[in-house]
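Note sheet for the following structure.
The values are calculated or read from the model by the stated rules, or taken from the named source; none is laboratory data. Bear in mind the structure is a predicted one, so any value in this text is a computation, not a measurement. Quick reminder, even Gly has a Cβ in these numbers, built from the backbone with ideal geometry, and neighbours come from all protein chains shown.
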Amino acid sequence: MFACLVDDEKRLAWEMDRREAKEADLRCPECLGEVVFRKCTVCRDHFAHTKRSNCTHGSGESPEHMECKVSIYEDLQDYYTEPGTVLELEYKPPGSGPRGKRADIYLKPKHGPAFVVEIQKSNITVETINERTQYWNGLGLAVWWIIPLKLFSASDRYLRMNAWKKHLSLLQRTKMNGLWFYHYDTTSKDKYLFLDIKRESRSEYEIKLIHSFYPDELFYIYNEGLGVTTTSSFSYGRDGEYQIPSGLNLIVPDNNYN
């Protein structure tokens, strides 16, 4: 985890040095148990539970997920500088209790609607994607799903699409032809990629880079109110086994940017 509580105030790992962390009472935001500061050379500095803890908060994230989360947080922090903006890493709604969900990032610009960022690297069920999206929508928040991805080389024209990846691409589709994915380029760390995905075989989909956005361009599109869409209900797959509920609010590229 990158955030902990110090005297009930949320602190980020890179805002602290070893001496301050050693002297402070560091607590997990989820279980309020003791955590320790970890200086890390593989990824960012972070906090970890002591060995005697059974809390799972902060566990199970790959280095790619962790780096992607912090990089996007820093992009948002650099762009949304106006006083009154609320930006939070590893966000859990106040008063949501033990059943409340936690998003990777929360942003409420001074002007414009709030949204959360959900970064997905590991396998997840279609039902969980729908459930998490509906949960945040119920709190008045649009959802931006992102998959960390290395920039494609000329030979990387094909992507194996399991059910949840296909589901996300359909959720975040536009009125243009083709399916769309949000990817964060973990190679250059400065681009957001929109990909057109078309089926080539039963298990492989051909990918085509349609547009790469730098953070200021992407956030400008969103901030102008062009980036939020509401899905309509439909089924897909063999015998319609995957159902997309209507009314999900998601962040998608505007149709004029292709």
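Some values worked out for this structure:
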{"read-out": "Where a residue in segment 73-98 is over 26 Å from CYS28 (Cβ atoms) and its partner, wherever it lies, is outside any loop (DSSP other than H, G, I, E, B) and among the aromatic types (Phe, Trp, Tyr), with Cβ under 9 Å and at least six apart", "value": "ASP75/TYR192; ASP75/PHE219; TYR79/PHE219; TYR79/TYR220; TYR80/PHE219"}
{"read-out": "Leading residue by the ranking (nearest to TRP144 (Cα to Cα)) among those in segment 22-78 that are β-branched (Val, Ile, Thr) and modelled with pLDDT of 75 or more", "value": "ILE72"}
{"read-out": "Filter result (of a type in the set (A, V, I, L, M) and under 24 Å from SER96 (Cα atoms)) within segment 14-46", "value": "LEU26, LEU32, VAL35"}
{"read-out": "Spans of strands (runs of 3 or more DSSP E) in segment 1-54 with at least 2 residues in contact (Cβ under 8 Å) with a residue 40 or more places away in the chain", "value": "3-6, 9-12, 46-49"}
